[in-house]
Amino acid sequence: MKKIEAIIRPETFQSLRSSLSEIGIGGLTITEAAGTGKQKGKTGLFRGTTFQLQLLPKLKVETVVDDSQVDEIVDIIINTCSTGTIGDGKIFIHPIEEVIRIRTKERGAQAIL
Ligand SMILES: Nc1ncnc2c1ncn2[C@@H]1O[C@H](COP(=O)(O)OP(=O)(O)OP(=O)(O)O)[C@@H](O)[C@H]1O
Ligand SMILES: [Mg+2]
């Protein structure tokens, strides 16, 4: 199992969500985030001086899935969250040891679905 953690532009979320739901991914956690990447939050120049460091609003989307679904989901994120300009975000893939559904005590693949 893997956790796919994507930091995305908030305005791309609805399209991502509907594409994920089309392939049966419903388990999502969304967190409002703020961050900076390579440009340290700078979005341009002002009278020749760069803006001071800013934290830009992003959404963090996390979903834990079977290994076999990772490539498909990464493709969907890239397709729905890309504008081709700086600040489109990043995807982090983490190994997941175990998933436990609290209500039923099911574990692993049974607990993801
Ligand atoms: N190395 C990192 N670790 C943790 N979070 C990151 C990292 N890089 C980017 N982020 C998060 O992703 C958001 C978007 O990053 P961003 O798309 O600007 O990355 P970038 O590396 O600067 O790429 P680009 O050049 O396309 O802007 C940031 O606001 C931050 O929340
Ligand atoms: Mg950037």
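Here's how it looks for E106: its modeled amide H is under 5 Å from those of R101, which are all 5 or more places away or on a different chain. Relative contact order of the chain: 42 percent, from C-alpha pairs under 8 Å at least 6 residues apart in sequence.
In the chain, what percent of the accessible surface is made up of carbon and sulfur (1.4 Å probe, ligands and nucleic acids excluded)?
53 percent
Partners of K60 within straight-line reach, counting lysines whose Cα lies under 19 Å from its Cα and excluding those fewer than 8 residues away in the same chain: K2, K3, K38, K40, K90. Among S15, S68, S82, determine the one that fluctuates most according to a GNM of the chain built with springs between C-alpha atoms less than 10 Å apart. Of S15, S68, S82, the Gaussian network model singles out S68 as fluctuating most. A simple charge model with +1 on the Cβ of Lys and Arg, -1 on the Cβ of Asp and Glu and nothing else charged puts the dipole of the chain at about 620 debye relative to its Cα centre. The stretch between D88 and E22, if pulled fully straight at 0.36 nm per residue, gains 21.5 nm over its current Cα-Cα span. Here's how it looks for G35: its modeled amide H is under 5 Å from those of L56, K58, which are all 5 or more places away or on a different chain. Solvent-accessible surface of the chain, taken per residue with a 1.4 Å probe and all protein chains present: 68 Å².
The values are calculated or read from the model by the stated rules, or taken from the named source; none is laboratory data. No experiment lies behind these values; they were computed from the predicted model shown. Reconstructed Cβ throughout: ideal geometry from the backbone, glycine too, with neighbour counts over all protein chains shown. Quick note on the areas: whole protein, heavy atoms, side chains included, nothing else; ligands and nucleic acids left out. Shrake-Rupley method; radii C 1.70, N 1.55, O 1.52, S 1.80 Å.
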